[in-house]
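Structure record follows, encoded as structure tokens.
The values are calculated or read from the model by the stated rules, or taken from the named source; none is laboratory data. Computed from a predicted structure; not experimentally measured. All Cβ positions, glycine included, derive from the backbone under ideal geometry; neighbour counts span all protein chains shown. Surface accessibility is based on the protein's heavy atoms, side chains included, excluding ligands, DNA and RNA. Shrake-Rupley method; radii C 1.70, N 1.55, O 1.52, S 1.80 Å.
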Amino acid sequence: MAQWSPGSEARRSEPEKLDGSNVSNVHNPTITPYLPAKDNTGLAVIIAPGGGHSKLCLGHEGYALAEWFQDHGIAAFVLKYRLARDKDSNGAYTIQDHAMADTRRALRTVRSRAQEWGIKADKIGIIGFSAGGELAAFSAMKSDAGDASSADPVEKVSSRPDFQALIYPHLQPLHRGERHAPALHRLRLRRPPGHRRRHGQPLPQIQGR
């Protein structure tokens with residue numbers, strides 16, 4: 001499902017480049033829906049794959065996860081966003097002006113069609129891996145309520161995610177000093193005193209810090 005993407009009109013006819021499950025040379029941002037056929041929870045999640053903003057790792061960080069969500073009653077949407085560090089883009093795109101525009105547009109699109117897709121409009125979140133985690137963080141930090149005067153019904157609704165999950169996110173210096181920067185919690189193993197793990201034994205409980 002293609003998204004509205006100002007700034008790449010001149011290159012929309014260029015084909016994407018595939019390398020296994022990875023894709024680059026993205027000039028037509030899209031979302032691919034995975035809607036649950038049964039046991040619909042009403043929840044929805046947009047998946048932003050990683051790839052260092054030079055490619056999109058659509059396998060384990062995209063389609064495979066979307067199928068898992070779908071099987072568990074959660075609508076999933078795999079996002080292809082424009083790549084700010086793709087050498088084939090020749091510096092045409094930036095994270096803030098293009099990748100983030102694609103991310104916000106994805107959130108608005110899903111929310112604007114919530115009733116059609118059996119989704120609760122206040123239960124739409126985003127999960128991002130690596131570079132996609134950066135986009136997920138920014139989407140929560142810098143959102144807006146939409147433009148009620150817009151002629152585009154998608155642009156009328158909010159771009160704010162109702163929840164977010166950042167998976168090994170790449171958080172660049174742009175996040176430093178941001179008022180609404182997400183708090184990241186490191187996890188570490190806590191072993192009981194004197195405990196020595198033997199081969200085949202389960203790991204101790206993981207606790208947040």
Please identify the pairs in which a residue from segment 21-39 that is outside any strand (DSSP E or B) has its Cβ atom under 6 Å from the Cβ atom of a residue that is of a type in the set (Gly, Ala, Ser), counting only partners at least 6 apart or on another chain. Ser21/Gly59; His27/Ser8; Asn28/Ala2; Pro29/Ser5; Leu35/Ala75; Pro36/Gly73; Asp39/Gly73
Please verify whether segment 18-27 includes one or more residues that are under 24 Å from Ser150 (Cβ atoms) and acidic (Asp, Glu). no
Just name the residue that is nearest to Arg113 (Cα to Cα) out of those in segment 153-171 that are open to solvent by less than 70 Å² (accessible area, probe 1.4 Å) and out of contact with any Ser or Thr (no Cβ under 9 Å at 6 or more places or on another chain). Asp162
For segment 133-166, name all the residues that are acidic (Asp, Glu) and within 15 Å of Lys123 (Cα to Cα). Asp162
Considering segment 29-65, residues that are over 13 Å from the mean Cα position of the chain (by Cα) and small (Gly, Ala, Ser), and then whichever is least open to solvent (accessible area, probe 1.4 Å), we arrive at Gly42
Verdict on Ser159 being under 10 Å from the mean Cα position of the chain (by Cα) and either part of a helix (DSSP H, G or I) or under 28 Å from Asn22 (Cβ atoms) (or both): no
Reported set for segment 84-136 where residues are part of a helix (DSSP H, G or I), open to solvent by 50 Å² or more (accessible area, probe 1.4 Å) and in contact with a helix residue (DSSP H, G or I) (Cβ under 9 Å, 6 or more places away or on another chain) is Gln96
